[in-house]
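A.B. asks: This is the structure, below, for whatever I ask next.
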Amino acid sequence: MTQDSKDLKFILAITYGGWEDVLQACRRASEVEQGVVKANDINQCYLWKKMLLTELDGEVSDPDLLICTSREQRLSNYLVNNLSYTELVFTKKLQPDFNEEDYVKALVEFQERNR
């Protein structure tokens, strides 16, 4: 049903570390070493373009919703630079047991929030 869909992006960021992403973005900014960009010209927008998720697909924006299925209510360095305005839903079910009904519940909870 969704094989030709161009509207939704589903990204798995396994073993992803938010601070590691910042470091690798800085390392990718080799334009500074080459003299193409001045260090003072590096800003949030410039670094955002060097971040892993943006490099994968330039159209990826920060998530609207993050569903945490770890029974923990913490982010653990996960997408720390992308979740500033993201709504978080925490569930007690672990990923293998998380099903369509749980997904719908999370979406309903998200929809009921005033943003």
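A.B. asks: Output the residues belonging to region 104-114 that are open to solvent by 80 Å² or more (accessible area, probe 1.4 Å) and outside any helix (DSSP H, G or I).
C.D. replies: If the condition is that a residue be open to solvent by 80 Å² or more (accessible area, probe 1.4 Å) and outside any helix (DSSP H, G or I), then Glu112, Asn114 are the ones that fit.
A.B. asks: Is there any pair with a first residue in region 53-71 that is over 21 Å from Leu23 (Cβ atoms) and open to solvent by 70 Å² or more (accessible area, probe 1.4 Å) and a second that is at pLDDT 85 or above and not in a loop (DSSP other than H, G, I, E, B) whose Cβ atoms are under 9 Å apart and which are 6 or more apart or on different chains, and what are they?
C.D. replies: Every condition considered, the pairs that remain are Asp64/Glu87; Asp64/Phe110; Arg71/Phe90.
A.B. asks: How many residues does region 20-48 hold that are open to solvent by 60 Å² or more (accessible area, probe 1.4 Å) and either aromatic (Phe, Trp, Tyr) or assigned to a helix (DSSP H, G or I) (or both)?
C.D. replies: 11
A.B. asks: Applying the selection to region 72-98, what residues are over 24 Å from Ala25 (Cβ atoms), of a type outside the set (Lys, Arg) and surrounded by fewer than 14 Cβ atoms within 10 Å (Cβ to Cβ)? Outline the logic, then answer.
C.D. replies: Step one: list which residues in region 72-98 are over 24 Å from Ala25 (Cβ atoms), which gives 72-73, 87, 89-98.
Among the residues that remain, those that are also of a type outside the set (Lys, Arg) are: 72-73, 87, 89-91, 94-98.
If the condition is that a residue be over 24 Å from Ala25 (Cβ atoms), of a type outside the set (Lys, Arg) and surrounded by fewer than 14 Cβ atoms within 10 Å (Cβ to Cβ), then Glu72, Gln73, Leu94, Gln95, Pro96, Asp97 are the ones that fit.
A.B. asks: On the basis of being closer than 27 Å to Asp7 by Cβ, without any contact (Cβ under 8 Å) to a residue 12 or more places away in the chain, among the charged types (D, E, K, R) and open to solvent by 90 Å² or more (accessible area, probe 1.4 Å), does Glu101 make the cut? Walk me through how you get there before you give the answer.
C.D. replies: Working: closer than 27 Å to Asp7 by Cβ: yes; without any contact (Cβ under 8 Å) to a residue 12 or more places away in the chain: yes; among the charged types (D, E, K, R): yes; open to solvent by 90 Å² or more (accessible area, probe 1.4 Å): yes.
Criteria met by Glu101.
A.B. asks: How many residues are farther than 30 Å from Lys50 by Cα, touching a residue at least 24 places away in the same chain (Cβ under 8 Å) and not polar (S, T, N, Q) if we restrict to region 76-98?
C.D. replies: Total meeting the criteria: 3.
The values are calculated or read from the model by the stated rules, or taken from the named source; none is laboratory data. Remember, predicted model here, so these are calculated numbers, not experimental data. All Cβ positions, glycine included, derive from the backbone under ideal geometry; neighbour counts span all protein chains shown. Please note that ligands, DNA and RNA were not included when accessible areas were found on the heavy atoms of the full protein model with its side chains. Shrake-Rupley method; radii C 1.70, N 1.55, O 1.52, S 1.80 Å.
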